[in-house]
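Asks: There's a structure below that I have some questions on.
The values are calculated or read from the model by the stated rules, or taken from the named source; none is laboratory data. Bear in mind that the values here come from a model prediction, so they are computed numbers and not experimental data. Methodologically, a virtual Cβ is constructed for each residue, glycine included, from the backbone with ideal geometry; neighbour enumeration extends over all protein chains shown.
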Amino acid sequence: MPKKNNPPPIAAAPQPTDSSLPDSNLPRNCDPQPNRSQWIFVGVVFSVVLVGMGWQGWNWWNWAKAPVLQPGTDNPSVQVEIPSGTSAQAIGDRLQNAGIIRSSAAWALWTRWLQLRSISEDTASGGFQAGVYNLSPTQSMAEVAMVIWQGQTEAQLITIPEGWSLQKMAAYFQDQGLFTAEEFRQASIQIPYDRFPWLPADLPSLEGFLYPETYEVSYGAVTPTEVIGLMLDQFERIALPLHEASETPFTLKEWVTLASIVEKEAVLPEERQRIAGVLLNRLDLGMRLEVDPTVEYGLGIQQTPDRPLTLSEVRTPSPYNTYLNEGLPPTAIASPGKESLEAVLNPEETDALYFVARYDGTHVFSATLEEHEAAQEAIRSSREQ
C-alpha cells in the first residue's frame, strides 16, 4: 500500500515577551517619549519667547529712561522739592507726577543700581539729597538722578548788609523762607566753641561775629546752624587776621563791639575813621560814649528823622545805654564790616570829642561841648524851616 504523506507538524507560535507587548495606555502609532525634533522645536519656541520678552523689555527701558521731551524743546524747568527723609521710591513718584521722568518703576531700578554702585565703590554715605531742584523734562532719567544724588540744589543768594543785628537777620531769613526767626535766634545763642575756638569766652550770643556778606546757600535745604557756620567762617577768614596782625589794646570782643558802634554811626565811608577817633578819645578820657545806636539796641527800637529818641528813652536804664553807663556796652550791637573794623585799628587823629548827625547822614564834629550844643541847635533849626 502506498504510504500516506502526513502533514508537517504545526509549529507553536512564539509567545510574546513583556518587552514586545504594546502599551495598552498609548495609541499603537505613538512613540512613548518625544523624539529629538520635538525637543528642538520646544527650545526654539522658548528662545523666541525669551528674545521677544527681552526685546520688549529693552524697548521699554529705552523709553523709560529717555527724556520726557526731546532736548531743545522750549519747555521751562520745573522746581521740585525733596523733603528730608524722602525715600527713593517717593522721589520717583514726585518726579513722575511733575512730568520730569516717564516711569517711577524705572526710577526704582535705576536708583537701586546707584545704591549698589555706591556700596561697591565704598561710598556708602552717598544718596539722594534733600533740597529744591530746578529740573527739566528734557533731561534723561540718569541725568535727573545724578543731579539729586549729588545734591545739586538750586542756589539761593542771601545778602547780609553791614550794620545788621541778629534780630534783623532773623526776620530776613524768615522772609526768605529759609527757616523761622525763632530757629535762627535759638541757633545764634549756641556758641560753637568746638569749631571756632577763637570766639571770646562767655558770649551770650554771636552778635557782631556773623560777618556781613553775600552768601550762596542751597534753597530749601539749609539750617540756621549751617548759615551761621558760613558767616563765622567768613569772619575767621577776613576779620580775625586783622585783629591778630594789629597792635590794638582792645580784646577781640572789645574791638568788634566798638566797630559795631562805628558801623551804626557812620553813613559816609570817609567819616568812619574820624568817628572811631572821637570814640577812642572819649574812652581815653573816661567819658561816656553817649551814642544813640546803643540806646536803640537796648530798647529794641529805631529812631527816624520824624521820630527821634525821646529824653525819657535816653534816660531809660539798660546795660546798653551809653548815656548812663561808662565804657563799652556788654556786646556788639550789630555786625560791622571790614571798613569799620579797620577804622577802629586805624582811627583818625582828631581833637574832636563830639559829633552830631545832620539829616543827610553827614556829621558835625566838635572839640568842645559849647560847639557841640551850637551844632545841635543849628541842625534842629534847619529841620524846622
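Asks: If we keep just the residues of segment 347-385 that are among the charged types (D, E, K, R) and not in a helix (DSSP H, G or I), which is modelled with the lowest pLDDT?
Replies: Only one residue fits best here, namely Asp360.
Asks: Identify the residue in segment 53-88 that is at pLDDT 85 or above and of a type in the set (Ser, Thr, Tyr) and, among all such residues, is nearest to Ser218 (Cα to Cα).
Replies: It comes out as Thr86.
Asks: When the residues of segment 153-164 are narrowed to those that are in contact with a strand residue (DSSP E or B) (Cβ under 9 Å, 6 or more places away or on another chain) and surrounded by 15 or more Cβ atoms within 10 Å (Cβ to Cβ), which ends up nearest to Ala334 (Cα to Cα)? Walk me through it before giving the result.
Replies: Of segment 153-164, the ones in contact with a strand residue (DSSP E or B) (Cβ under 9 Å, 6 or more places away or on another chain) are 153-160.
Filter once more, keeping what is surrounded by 15 or more Cβ atoms within 10 Å (Cβ to Cβ): 153-154, 156, 158, 160.
Values: Thr153: 31, Glu154: 30, Gln156: 24, Ile158: 17, Ile160: 11 Å.
Among those that are in contact with a strand residue (DSSP E or B) (Cβ under 9 Å, 6 or more places away or on another chain) and surrounded by 15 or more Cβ atoms within 10 Å (Cβ to Cβ), it is Ile160.
Asks: Considering every residue within segment 342-356, establish whether at least one is small (Gly, Ala, Ser) and crowded, with 17+ Cβ neighbours inside 10 Å.
Replies: For segment 342-356, residues small (Gly, Ala, Ser) and crowded, with 17+ Cβ neighbours inside 10 Å: present.
Asks: I'm told Asn281 meets every condition in (1) part of a loop (DSSP other than H, G, I, E, B); (2) over 30 Å from Gln174 (Cα atoms) except one. Can you identify the failing condition by its number?
Replies: Result: Asn281 fails condition (1) only.
Asks: Do we have any residue at all in segment 81-102 that's surrounded by 13 or more Cβ atoms within 10 Å (Cβ to Cβ), within 14 Å of Trp61 (Cβ to Cβ) and assigned by TED's automatic domain parsing to the domain that holds Gly131?
Replies: yes
Asks: Please specify each residue of segment 359-377 satisfying the condition of being surrounded by 14 or more Cβ atoms within 10 Å (Cβ to Cβ) and in contact (Cβ under 8 Å) with a residue 24 or more places away in the chain.
Replies: Across segment 359-377, the qualifying residues are His363, Phe365.
Asks: Could you tell me whether Ile261 is assigned by TED's automatic domain parsing to the domain that holds Glu373, touching an Asp or Glu at 6+ places or on another chain (Cβ under 8 Å) and closer than 18 Å to Leu166 by Cβ?
Replies: It is false that Ile261 is assigned by TED's automatic domain parsing to the domain that holds Glu373, touching an Asp or Glu at 6+ places or on another chain (Cβ under 8 Å) and closer than 18 Å to Leu166 by Cβ.
Asks: Something else about it: For residues that are of a type in the set (Val, Ile, Thr) and under 15 Å from Leu206 (Cα atoms), scanning just segment 305-338, find the one that is surrounded by the fewest Cβ atoms within 10 Å (Cβ to Cβ).
Replies: Thr331
Asks: Identify all residues within segment 184-202 that are under 17 Å from the mean Cα position of the chain (by Cα) and either among the aromatic types (Phe, Trp, Tyr) or more than 30 Å from Pro241 (Cα to Cα) (or both); write none if there are none.
Replies: Phe184
Asks: Take the conditions surrounded by fewer than 21 Cβ atoms within 10 Å (Cβ to Cβ), closer than 26 Å to Tyr215 by Cα and aliphatic (A, V, I, L, M) and apply them to Val267. Does it pass?
Replies: Yes; evaluated as a whole, the condition is true for this residue.
Asks: Suppose we filter Ile40, Ile100, Ile91 for residues that are part of a helix (DSSP H, G or I), at pLDDT 80 or above and either on the phi < 0 side of the Ramachandran plot or under 25 Å from the mean Cα position of the chain (by Cα) (or both); which single one remains?
Replies: Residue meeting the stated conditions: Ile91.
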